[in-house]
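First up is the structure itself, then whatever we jot down about it.
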Amino acid sequence: MESDSGEASAVNNLVQNFTQGQQSGSYLAEDKDENATVAVFDNFGPTPSRAPAHGELTEGVVAEVGGYGEEDIQRYEVGSGDMSQSFEQAVADGDEDALQTLVEDATTGLLDNTTGAMEEILNDENSKISTISQSQSVSPAQVSQALLERALPSEPKPGQPRREPDLEFRSTLAQSLGLQEDVSDQQLSQALADEVNNIFQTSDAIADSKQRYDEVSRQAADAGISHIVSSGNRGEFADTLESRGVEIEDDFYTSVLANDNTTVVGATDDHGTPTLADDTGFEGNSPGAGAEVSAPGTNREMTTLDGRTHTSSGTSYSAPEVAAITAQLQAAHPELTPQQ
């Protein structure tokens, strides 16, 4: 089983690959489908392992659950760029704002791309999109986890090798936080969590992007478009922080995409049985992330529209199921509002 740990990409690659602004003028990841009713916001680019892209998998869930074909689903690209070297080089050059720049770029990138893609839909007078499925997120916890997973050893797990820390990166991270190289794991984790959360709360750049996103999100809801987003998979990370004695703020795990106009989706674990009686919450669910509804997300077998199969776990694969059901409800009952 592969656990989905970054919604759009593996969380331990977030430092290397986080969302950047679109450059082409359009967010469409394919030719426009005039009759599409469901939009999938995701990453559809090629993967190093040649496995299906994250967006292809979430699109596959929408198609399977909703009985949709290619003509019913429109892909929108929310891409990524390589910024890890600039962060490490900035720290080496004595830039005291290197961490803030990384956090702001990761967060505003996702917000601005999402806003731009929604605006593209809203500005298209002929658009039939009624539902947006987006299995992506950025939160203080996600950014912190991406950094700490590179800087610290992994917690021991049965049957899994211990991940060794990148000591050079650990030193870089400690330096960016004003700490000594020999700082304890607990102190490094606490300092990073505090600083990342503080940046989220005080950054003018993030606040401006969030305000613009919230306004366009409201416009989309007013236009009858439902926006379904994943809650995130920071459950194991939360357990790790707790075991280290790290104290965090209440909204540490909440995605910047969550607002009054979105439906936030968590995952359930069906334990491999068809009955609902033994279903439980997915252990990877982000705690306190505002999930309003849940759907199966553990060991999910998925088929892309071109016939490739893949099995994985995470809220990424719960959100598109809810999106497909929402789209079906809206088609059958067009009088319903996104809130209903």
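Only the coordinates and a few stated rules stand behind these numbers; no lab work does. As the structure is a computational prediction, the values presented were derived from the model and not from experiment. Cβ placement follows ideal geometry from the backbone for every residue including glycine, while neighbour counts extend to all protein chains displayed.
Where both residues lie in the stretch 202-337, what percent of DSSP beta bridges are antiparallel, nearest 5?
On the way: 6 of 14 bridges.
Antiparallel bridges make up about 45 percent of those DSSP assigns within the stretch 202-337.
How big is the antiparallel share of DSSP beta bridges in the chain, given as a percent to the nearest 5?
Percentage antiparallel, nearest 5: 30.
Mind checking which helices in the chain clear 24 Å along their axis (Cα) and have mean Kyte-Doolittle hydropathy of -1.0 or more, DSSP H runs only?
The answer, listed by residue number, is 98-122, 185-202.
Label-point separation (nm) for SER243 and GLU155, each offset 7 Å from Cα along Cα-to-Cβ?
With each label point 7 Å from Cα toward Cβ, the separation is 0.4 nm.
For the chain, build the charge dipole from Cβ charges (+1 Lys, Arg; -1 Asp, Glu) around the Cα centre, then report which of GLY314, ALA98, THR202 sits farthest towards its positive end.
With unit charges placed on the Cβ atoms, the residue in question is GLY314.
Could you tell me the relative contact order of the chain? Use alpha-carbon pairs under 8 Å, at least six residues apart, and round to a whole percent. Don't skip to the end; give the middle numbers.
On the way: 666 pairs, mean separation 82.4, N = 340.
Once normalised by length, the contact order is 24 percent.
Among ILE248, GLY67, VAL265, whose Cα projects farthest towards the positive end of the dipole of the stretch 2-332, with charges put on the beta-carbon of Lys, Arg (+1) and Asp, Glu (-1)?
Farthest towards the positive pole: GLY67.
Taking the chain as a Gaussian network, Cα atoms linked when under 10 Å apart, which of THR114, THR202, THR262 shows the biggest mean-square fluctuation?
THR202
Any chance you could run the full-extension gain for ALA92 through ARG163? It's 0.36 nm times the residue separation minus the Cα-Cα distance, nm to one decimal.
On the way: separation 71, 0.36 × 71 = 25.56 nm, distance 2.50 nm.
Between ALA92 and ARG163, full extension yields 23.1 nm more.
Calculate, in nm to one decimal, what ASP124 and THR101 gain on full extension: separation in residues at 0.36 nm each, minus their alpha carbon distance.
In short, 4.9 nm is gained.
Per the helix-only calculation at 222 nm, which mean residue ellipticity applies to the chain, given -39500 (n - 2.57) for every DSSP H run of n ≥ 4 and division by its residues, nearest 500 deg cm²/dmol? Let's see the in-between values first.
Values: 9 runs with 129 residues, N = 340.
When only DSSP H runs of four or more count, the value is -12500 deg cm²/dmol.
Once R0 is set to 56 Å, what does the formula 1/(1 + (r/R0)^6) return for the Cβ-Cβ distance between GLU335 and HIS310, expressed as a FRET efficiency to the nearest 0.05?
Efficiency computed from Cβ-Cβ geometry: 0.90.
Among rounded, prolate and oblate, which fits the stretch 128-189 when a ≥ b ≥ c are the square roots of the eigenvalues of its C-alpha gyration tensor, a/c under 1.5 means rounded, and a/b larger than b/c means prolate?
On the way: a/c = 3.54, a/b = 1.74, b/c = 2.04.
It is oblate, given that a/c is not under 1.5 and a/b is not larger than b/c.
Could you give me D for the chain, from Stokes-Einstein at 4 °C and 1.567 mPa s, where the hydrodynamic radius is the Kirkwood radius over C-alpha pairs? Units µm² s⁻¹, please.
For these conditions, the coefficient is 64 µm²/s.
Calculate, for GLU215 and ASP31, the FRET efficiency according to 1/(1 + (r/R0)^6) with r their C-beta to C-beta distance and R0 25 Å; round to the nearest 0.05.
Details: r = 29 Å, r/R0 = 1.18.
Calculated transfer efficiency: 0.25.
If you build a Gaussian network model of the chain, linking Cα atoms that sit under 10 Å apart, which residue out of PRO52, PRO165, PRO287 swings the most?
PRO165
Using a 10 Å cut-off around each Cβ, can you sort SER226, SER49 from fewest to most neighbouring Cβ atoms?
Exposure proxy ranking, most exposed first: SER49, SER226.
What nm distance separates the two modelled labels at GLU181 and ALA207, each placed 7 Å from Cα along Cα→Cβ?
In this crude label model, GLU181 to ALA207 measures out at 3.8 nm.
Quick one: which residues, 5+ away or cross-chain, put their amide H under 5 Å from the amide H of HIS227? H built at 1.01 Å from N.
ILE132, THR263
Where the only charges are on Cβ atoms (+1 Lys, Arg; -1 Asp, Glu), what is the dipole of the chain about its Cα centre, to the nearest 20 debye?
Charge dipole, the chain, about its Cα centre: 500 debye, nearest 20.
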